[in-house]
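So the structure is just underneath, and the comments pick up after that.
The values are calculated or read from the model by the stated rules, or taken from the named source; none is laboratory data. Fair warning: this is a prediction, and the values are worked out from it, not measured in the lab. FYI the Cβ positions are ideal-geometry reconstructions off the backbone, even for glycines, and counts take in every protein chain you see.
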Amino acid sequence: MDNRRTFLKKSGLLLTALSLPIPNILFAGGKKKLGVALVGLGGYSTHQLAPALQQTEYCELRGIVTGSPEKIPRWQEKYNIPDANVYNYENMHEIAKNDNINVIYIVLPNSMHAKYSIIAANAGKHVWCEKPMAMNAKECREMIAACEKNKVKLAIGYRLQHEKNNRIMMKWAETNPYGSIQNLTAKAGFFSSNPGWRTEADMGGGAMYDMGVYPLNTSRYSTGREPIAVSAKSSTSRPELFSEVDETMEFTLEFPDGITAHCRTSFGENMNNLEISCRDGSYYLQPFQSYSGVKGGTSDGKILPPMGKNQQAVQMDDDALAILNDRPMIAPGEDGLKDIIVLEKIYESAAAGGKRLEIQPL
Ligand code: NAD
């Protein structure tokens with residue numbers, strides 16, 4: 001199946017899944033919702049995912065895995081988590097015996113995604129893993145294989161693929177309401193004064209791994225195509241902070257049909273927009289990748305207003321429904337893998353001074 005049809009099929013699947021009745025699955029505790037355990041209680045779990053799990057219909061927060069014992073009482077009290085559902089990194093595999101937990105969500109630094117996703121899959125639980133999927137394509141393939149072996153599903157936390165206006169971009173890649181797509185610009189970055197592990201190569205730091213996957217993933221779903229070549233350049237304005245990894249990455253993706261995507265990502269610049277030029281007009285999203293308020297417009301004056309729902313709650317409900325209805329994930333492991341294959345080429349091109357490199361299709 002060609003790429004465009006694959007994307008169309010994926011977009012269509014969401015609508016189909018949402019229109020189906022939820023099967024009468026009762027889990028331990030007499031609840032119909034899936035139980036989720038968050039692994040890693042840092043910024044994203046604390047400020048986005050746990051609050052979003054209070055708004056979800058088909059899943060709920062039931063467990064935590066943490067290496068920081070001092071965090072446990074606060075989380076247990078705030079989210080009513082019993083002692084039996086509290087784990088650390090050493091005993092996390094014992095979740096295998098816990099019927100209250102159906103999904104393990106990996107929200108750790110990037111270099112830890114593969115290891116803990118595989119532990120989760122081997123515990124027989126469905127796996128949700130934050131972006132970027134892993135450090136390299138080999139790790140991504142190992143994660144996919146572990147999930148296949150254990151017959152569990154794998155979703156990557158690409159929240160934008162669940163966001164209404166980004167989903168319109170996917171649809172328009174197929175329907176071309178402004179004529180064929182000519183080129184695209186996607187930029188995602190923010191000024192970070194204290195990037196922590198995101199400056200460390202061993203932890204999976206670097207702007208490209210962190211924010212860079214947004215322009216990359218968006219370029220793929222907004223064109224409905226897979227890139228065939230890439231060239232990239234990295235730079236830094238704060239070498240004292242970014243001595244190991246890229247502070248800024250600029251990359252160009254070449255797609256079939258002569259479409260070019262110009263992308264930029266950075267920990268040193270605030271930027272957040274997507275623009276798509278077509279033969280007969282154009283459209284944009286700005287901001288395109290914020291947690292809320294994603295909005296845009298078209299060259300003929302149409303407005304794309306914000307979704308008005310919690311993005312992460314929509315994402316986790318979509319992924320819970322895919323599990324409950326045994327349907328494909330909207331952003332499965334294969335989607336994360338496709339990005340990491342390109343990401344590896346981006347780093348290779350940047351190391352070679354911006355050399356144009358061809359990308360072999362998966
Ligand atoms: P963070 O630094 O705030 O939290 C990381 C957590 O991992 C902390 O609780 C820390 O204690 C724990 N940890 C365990 N071992 C560690 C180690 N060796 N070094 C450092 N921390 C360690 O990071 P975050 O912002 O929560 O990001 C976590 C993951 O979530 C990343 O993969 C990131 O890309 C992703 N994320 C996704 C989004 C999104 O919008 N989808 C947003 C933010 C973060």
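Of all residues in segment 198-222, those that are over 14 Å from Cys263 (Cβ atoms) have Cβ atoms under 7 Å from Cβ atoms of residues that are of a type in the set (Asp, Glu) and within 13 Å of the ligand (Cβ to nearest atom), 6 or more apart or on another chain, in Arg198/Asp210.
Checking the structure you have, find out if any residue of segment 295-303 is in a strand (DSSP E or B), touching a Lys or Arg at 6+ places or on another chain (Cβ under 7 Å) and at pLDDT 95 or above. Step through it out loud before you land on a result.
Our first condition is that a residue be in a strand (DSSP E or B); within segment 295-303, this holds for 296-298, 303.
The next check asks that each one be touching a Lys or Arg at 6+ places or on another chain (Cβ under 7 Å); those that pass are none.
No, the conditions are met nowhere in segment 295-303.
Scan segment 57-84 residue by residue and report those that are within 15 Å of the ligand (Cβ to nearest atom), over 24 Å from the mean Cα position of the chain (by Cα) and surrounded by 13 or more Cβ atoms within 10 Å (Cβ to Cβ). If the condition is that a residue be within 15 Å of the ligand (Cβ to nearest atom), over 24 Å from the mean Cα position of the chain (by Cα) and surrounded by 13 or more Cβ atoms within 10 Å (Cβ to Cβ), then Lys71, Ile72, Trp75 are the ones that fit.
Could you please find all residues in segment 265-306 being free of Cβ contacts under 8 Å to residues at least 24 places away in the same chain, small (Gly, Ala, Ser) and either in contact with a Phe, Trp or Tyr (Cβ under 9 Å, 6 or more places away or on another chain) or more than 21 Å from Met211 (Cα to Cα) (or both)? Once the filter is applied, which keeps residues that are free of Cβ contacts under 8 Å to residues at least 24 places away in the same chain, small (Gly, Ala, Ser) and either in contact with a Phe, Trp or Tyr (Cβ under 9 Å, 6 or more places away or on another chain) or more than 21 Å from Met211 (Cα to Cα) (or both), segment 265-306 yields Gly297, Gly301. For segment 278-291, the criterion of being in the same structural domain as Ala188 (by TED's automatic domain parsing), within 30 Å of Gly353 (Cβ to Cβ) and crowded, with 18+ Cβ neighbours inside 10 Å is met by at least one residue. One residue is enough: does segment 85-101 have a residue meeting the conditions surrounded by 23 or more Cβ atoms within 10 Å (Cβ to Cβ) and in contact with a helix residue (DSSP H, G or I) (Cβ under 7 Å, 6 or more places away or on another chain)? Yes - at least one qualifying residue is present in segment 85-101.
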